[in-house]
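Q: Here you go, one structure.
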Amino acid sequence: MQPKNNLQNEKSPLGDLGVYQQTLDYLYSQMPEYQRIGHLAYKPGLENSHRLDAIFNHPHRNYKTIHVGGTNGKGSTSHLLAAILQQSGYRVGLYTSPHLVDFRERIRVNGEMVSKEYVIDFVEKYREQFEPIMPSFFELTMEMAFLYFAEQKVDVAVIEVGLGGRLDSTNIISPDLCIITNIGFDHIQYLGDTLPKIAEEKAGIIKPNTPVVIGEIDNEEVKQVFTNKANSENAPIVFTETFLKDFIAQKNNNGWLIHTHEYPDLINNLGSFAQEKNAKTVLSAVAELKRIGYQIPKEAVYHGFAHVVELTGLMGRWQVLQENPKIVCDTGHNAHGIRYIVEQLKQEKHHRLHIVFGMVNDKDITSVLSMLPQYAIYYFTKASVERSLGENVLAEQAAAFGLHGDTFGNVPEAIKAAKENADENDFIFIGGSSFIVADTLPLFI
């Protein structure tokens, strides 16, 4: 990136795209992204976030917010809520991470990504003020989103937690509602090595006198952590599993058909098995939002669930990329998420199963590998980020669990090989990491 005064004046042969890419390169190099390089970019604590927020005069105070945390399902839950609120007539900001294809996926208003020009101008205009703080990539991106939402005059913004909760940068907001989707093992080097410890960190987003919806719970100690935290903050708490006792979900070819007393025949076009739990959490959250004064018509719930992908741009959730052979990708990347993927693979009708697979090097790899089907043909690969686990190391570890296949130095080569080997009645699954999916999508969209 050029010095400040020259950035936008430079005549790039790539035009605006060139300046936009220079801006992203600057952000990635000056404020390294955790998702790309891992622990070296991780900055726990809220000091930087508060200092940045003061520079921009606390923009998130200009609109309502909803805070979404948890181990898995945060993105799907956030997008579903945004879609429903949009259909209710609200102007809705949506902040999520990581992105898959374009950085701008992280910051949307009513489904539309922030413009490249805004990203360029933000860095150009404010870099002298934020550089002395030395914020992380996530901290700065978050503040960019908060300011953009204020300037776009949103009514409400759905804010997804980045990592953990208590010390996550987003935890400076004062939301109308907090949502915690579930608790599983992930980022144990930062959040703790037991589920109750992880739950304590996730519970850090629970605010005084602010209602909280808790999604999937299958551990009594975890449930008690949330109960204790909510009681200490005088926060009304709703456990989805007991709140929606009349919830019934049936899998169909296009997603889920959901029945409750209030929402019979509700179609959810997100098709993965994990979406049954996410839908339950979202319906509980909608009920709580209505209780505290949000105007959400029934038809908005129906339309939001049925058209979430078109309304919000959500990608990578059991996304069908091709038929004959059927090719699906999914961003599930830890044991909790892979469990649902393996369950779904068992339900798919196919002749042979091909799995293009890669992981990053700081996950619980053995737990994931122990779940994967031994009968599949594997194409071990690595994504184009520094955190990627080498394909040969992955193949060696996988062999110990009876998983066998060839290795490929990048995702496009692995997918090419899988497609060449597959017959039209076969099934190809691509996943193991969000970054494997990120390298996959440009090949199909």
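Q: Would you confirm whether any residue within segment 281-298 is assigned to a strand (DSSP E or B), in contact with a helix residue (DSSP H, G or I) (Cβ under 7 Å, 6 or more places away or on another chain) and surrounded by 16 or more Cβ atoms within 10 Å (Cβ to Cβ)?
A: The answer is no, given that none of the residues of segment 281-298 is assigned to a strand (DSSP E or B), in contact with a helix residue (DSSP H, G or I) (Cβ under 7 Å, 6 or more places away or on another chain) and surrounded by 16 or more Cβ atoms within 10 Å (Cβ to Cβ).
Q: Right, something else. Quick test for you: out of Glu276, Glu299, Glu288, Glu323, pick the one residue that is without any contact (Cβ under 8 Å) to a residue 12 or more places away in the chain and of a type in the set (D, E, K, R).
A: Criteria check complete, one pass: Glu323.
Q: Hey, another quick one. State all residues of segment 384-408 that are over 26 Å from Lys346 (Cβ atoms), modelled with pLDDT of 95 or more and in contact with a strand residue (DSSP E or B) (Cβ under 8 Å, 6 or more places away or on another chain); if no residue qualifies, say none.
A: Asn392, the sole residue that qualifies.
Q: While we're looking at this one, here's another question. Just a yes or no: is a residue in segment 253-263 in a strand (DSSP E or B), closer than 12 Å to Ile206 by Cβ, within 26 Å of the chain's Cα centre (by Cα) and not basic (Lys, Arg)?
A: No, segment 253-263 has no match at all.
Q: Does Ala235 qualify as being part of a loop (DSSP other than H, G, I, E, B) and in contact with a strand residue (DSSP E or B) (Cβ under 7 Å, 6 or more places away or on another chain)?
A: yes
Q: Only residues that are crowded, with 17+ Cβ neighbours inside 10 Å and among the hydrophobic types (A, V, I, L, M, F, W, C): list them for segment 244-280, please.
A: Leu244, Phe247, Ala249, Trp256, Ile258, Leu266, Leu270, Phe273, Ala274, Ala279
Q: Something else about it: Check Gly204 against each of (1) in a strand (DSSP E or B); (2) in contact (Cβ under 8 Å) with a residue 24 or more places away in the chain and name the one condition it does not meet.
A: In the conditions (1) in a strand (DSSP E or B); (2) in contact (Cβ under 8 Å) with a residue 24 or more places away in the chain, Gly204 misses (1) alone.
Q: Out of everything in segment 409-434 that is surrounded by 21 or more Cβ atoms within 10 Å (Cβ to Cβ) and in contact with a helix residue (DSSP H, G or I) (Cβ under 7 Å, 6 or more places away or on another chain), what residue ends up being farthest from Lys346 (Cα to Cα)?
A: In this case the residue turns out to be Val411.
Yes or no, residue by residue, for (1) at pLDDT below 95; (2) over 21 Å from the mean Cα position of the chain (by Cα):
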residue: Tyr42; (1), (2): yes, no
residue: Asn62; (1), (2): no, yes
residue: Leu81; (1), (2): no, no
residue: Ile84; (1), (2): no, no
residue: Ser88; (1), (2): no, yes
residue: Thr96; (1), (2): no, no
residue: Ile107; (1), (2): no, no
residue: Gly111; (1), (2): no, no
residue: Val114; (1), (2): no, no
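Q: Please determine whether any residue of segment 207-222 is without any contact (Cβ under 8 Å) to a residue 24 or more places away in the chain and surrounded by fewer than 20 Cβ atoms within 10 Å (Cβ to Cβ).
A: Among the residues of segment 207-222, at least one is without any contact (Cβ under 8 Å) to a residue 24 or more places away in the chain and surrounded by fewer than 20 Cβ atoms within 10 Å (Cβ to Cβ), which makes the answer yes.
Q: Name every residue in segment 304-338 that is surrounded by fewer than 18 Cβ atoms within 10 Å (Cβ to Cβ) and assigned to a helix (DSSP H, G or I), in order of residue number.
A: Once the filter is applied, which keeps residues that are surrounded by fewer than 18 Cβ atoms within 10 Å (Cβ to Cβ) and assigned to a helix (DSSP H, G or I), segment 304-338 yields Val309, Glu310.
Q: If you don't mind, there's one more thing I want to ask. State whether the residues of segment 427-435 include one that is more than 20 Å from the chain's Cα centre (by Cα) and not β-branched (Val, Ile, Thr).
A: yes
Q: Can you pull out the residues in segment 87-141 that are part of a helix (DSSP H, G or I) and under 30 Å from Lys290 (Cβ atoms)?
A: Of everything in segment 87-141, those that are part of a helix (DSSP H, G or I) and under 30 Å from Lys290 (Cβ atoms) turn out to be Gln87, Glu105, Arg106.
The values are calculated or read from the model by the stated rules, or taken from the named source; none is laboratory data. Note that the structure is a prediction, hence the values are computed from the model and not measured. Heads up, the Cβs are rebuilt from the backbone with ideal geometry, glycines too, and the neighbour counts pull from every protein chain shown.
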